[in-house]
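Asks: What follows is a single structure, and I will ask about it in a moment.
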């Protein structure tokens, strides 16, 4: 898969994922899916006949967005049979392989976890078989033009035969990697963004004013509006800098002996990057503990700041390849929420706690259940 492969296989997987994210036909299709998904999200929140679970809605919206990008299909919020089994099995797999597991540091502990290992292996094969069924349907009924990752792969790479460095197992595992890591990132990042917008109501109001001035009150916000709403984009980046849910990258190993910062690192040494420390480095950021979206205004992060300084998606060549669609998702969802709702808490008279807990692959806010959305007039 994309997370654990190296060499030609990793490069080939990275190329096809990048190609899918840059293909205008895929992006256009994804925008349509996202618009439909937000309509469902909004209808649930505005439905006064029943209470809604905001965390549940964000998680399903995240999963459906990834499903649209990877598989070209979304699942109805009221149709648990079509998605909950896969999503729950993926969550179990991800919990089993997360970097915080003690077995990763003390391998002998795996001897006491045989039941968990066997269950993970069974889940793995069940998910593989489900994906095989979807892939076969796409082979039998190819789309022209392709509008999702799988179709991009089938139309551009599978036909190359022996020149293709991507095996079936690599493709299937990449789907699992993108679903598991992607959903956790989108789900948790969105929760932190909404939490921060509650904490800084003046910033929330400023973002809303910018969108209403540029896009129009009540108008749908699209991902291509990012360039027209620089303050909103800067706000999301600043929240990602301070409240990134991913404290560490996954394990990687140098393929040869290297030296970094004066330290000798032997070949095949397990390495992880502390993403949070780079985002709060006082040698790079002015007043790094202060929330200030203005620091990102007018700054080309790719050109004026070292890439390692802003690392919510990891750092170096092995950064999260899904960052482009992740940015698209979070901007569109948060911007449309700002257009239609006031983000507040169920008990506005009480300060919102930002206490967190390590869950699955990242840091999750413990008190997100206090956040609520109030429709704007």
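The values are calculated or read from the model by the stated rules, or taken from the named source; none is laboratory data. Since we're looking at a predicted model, the values are computed, not measured. All Cβ positions, even for glycine, are placed from backbone atoms using ideal geometry, and neighbour counts span all protein chains on display.
Asks: Checking residue 216 against (1) in contact (Cβ under 8 Å) with a residue 60 or more places away in the chain; (2) under 24 Å from residue 40 (Cα atoms); (3) over 16 Å from the mean Cα position of the chain (by Cα), which single condition isn't satisfied?
Replies: Unmet condition: (1).
Asks: OK, next. Under 6 Å between Cβ atoms, which residue pairs at least 6 apart in sequence (or on different chains) link something in the stretch 342-361 that is on the phi > 0 side of the Ramachandran plot with a partner that is surrounded by 15 or more Cβ atoms within 10 Å (Cβ to Cβ)?
Replies: Here the result reads 360/94; 360/95; 360/98; 360/184, each pair linking the stretch 342-361 to a residue that is surrounded by 15 or more Cβ atoms within 10 Å (Cβ to Cβ).
Asks: Of the conditions (1) within 29 Å of residue 152 (Cα to Cα); (2) modelled with pLDDT of 75 or more; (3) under 19 Å from the mean Cα position of the chain (by Cα); (4) loosely packed, with under 14 Cβ neighbours inside 10 Å, residue 74 clears all except one; give me its number.
Replies: Exception for residue 74: condition (4).
Asks: Only one of 174, 235 is at pLDDT below 95 and buried (at least 18 other Cβ atoms within 10 Å of the Cβ); which?
Replies: 174
Asks: Name, by its number, the condition in (1) more than 23 Å from residue 189 (Cα to Cα); (2) crowded, with 22+ Cβ neighbours inside 10 Å that does not hold for residue 60.
Replies: Status for residue 60: all satisfied but (1).
Asks: Which numbered condition trips up residue 275, out of (1) surrounded by fewer than 20 Cβ atoms within 10 Å (Cβ to Cβ); (2) out of contact with any helix residue (DSSP H, G or I) (no Cβ under 8 Å at 6 or more places or on another chain)?
Replies: Every listed condition holds for residue 275 apart from (1).
Asks: So which residues in the stretch 207-242 are touching a strand residue (DSSP E or B) at 6+ places or on another chain (Cβ under 9 Å) and either assigned to a loop (DSSP other than H, G, I, E, B) or within 30 Å of residue 272 (Cα to Cα) (or both)?
Replies: 237, 240, 241
Asks: Let me ask something else. Within the stretch 261-272, take every residue that is surrounded by 12 or more Cβ atoms within 10 Å (Cβ to Cβ) and in a loop (DSSP other than H, G, I, E, B) and give me the one that is modelled with the lowest pLDDT.
Replies: Keep residues of the stretch 261-272 that are surrounded by 12 or more Cβ atoms within 10 Å (Cβ to Cβ), which gives 265, 269, 271-272.
If we keep only those that are in a loop (DSSP other than H, G, I, E, B) too, we end up with 269, 272.
Working: 269: 88, 272: 81.
Checked the stretch 261-272; the qualifying residue modelled with the lowest pLDDT is 272.
Asks: Tell me, yes or no, whether the stretch 142-158 has at least one residue that is in a helix (DSSP H, G or I), surrounded by fewer than 16 Cβ atoms within 10 Å (Cβ to Cβ) and at pLDDT below 85.
Replies: Yes, some residue in the stretch 142-158 is in a helix (DSSP H, G or I), surrounded by fewer than 16 Cβ atoms within 10 Å (Cβ to Cβ) and at pLDDT below 85.
Asks: May I pose another question? Outside any helix (DSSP H, G or I) and crowded, with 20+ Cβ neighbours inside 10 Å: does that describe residue 3?
Replies: In short, yes.
Asks: Take the residues of the stretch 321-331 that are more than 9 Å from the chain's Cα centre (by Cα) and over 15 Å from residue 63 (Cα atoms): which is modelled with the highest pLDDT?
Replies: Ranking the qualifying residues of the stretch 321-331, first place goes to 331.
Asks: Among the listed residues 166, 193, 258, 215, identify the single one that is surrounded by 13 or more Cβ atoms within 10 Å (Cβ to Cβ) and at pLDDT 95 or above. Full working, then the answer.
Replies: Numbers: 166 fails: at pLDDT 95 or above; 258 fails: at pLDDT 95 or above; 215 fails: at pLDDT 95 or above.
Only one candidate passes the filter, namely 193.
Asks: Would you call residue 245 touching a strand residue (DSSP E or B) at 6+ places or on another chain (Cβ under 7 Å) and buried (at least 17 other Cβ atoms within 10 Å of the Cβ)?
Replies: yes
Asks: Oh, and also: Somewhere in the stretch 294-316, is a residue in a loop (DSSP other than H, G, I, E, B), more than 24 Å from the chain's Cα centre (by Cα) and modelled with pLDDT of 90 or more?
Replies: no
Here is a yes/no grid of residues against (1) assigned to a helix (DSSP H, G or I); (2) under 17 Å from the mean Cα position of the chain (by Cα); (3) modelled with pLDDT under 80; (4) on the phi > 0 side of the Ramachandran plot:
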site	(1), (2), (3), (4)
56	yes, yes, no, no
60	yes, yes, no, no
84	yes, no, yes, no
120	yes, no, yes, no
128	yes, no, no, no
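Asks: Mind telling me which of the residues 256, 240 ends up being within 17 Å of the chain's Cα centre (by Cα) and over 30 Å from residue 127 (Cα atoms)?
Replies: Answer to the check: 240.
Asks: Continuing with this model, one more query. Please determine, by comparing only the residues of the stretch 34-54 that are part of a loop (DSSP other than H, G, I, E, B) and surrounded by 11 or more Cβ atoms within 10 Å (Cβ to Cβ), which one is modelled with the highest pLDDT.
Replies: Within the stretch 34-54, the match that is modelled with the highest pLDDT is 53.
Asks: To continue, here is another question. Pairs needed: first member in the stretch 243-261, over 19 Å from residue 2 (Cβ atoms); second member anywhere, exposed (fewer than 12 other Cβ atoms within 10 Å of the Cβ); C-beta distance under 6 Å; at least 6 residues apart or different chains.
Replies: Here the result reads 256/267; 257/266; 257/267, each pair linking the stretch 243-261 to a residue that is exposed (fewer than 12 other Cβ atoms within 10 Å of the Cβ).
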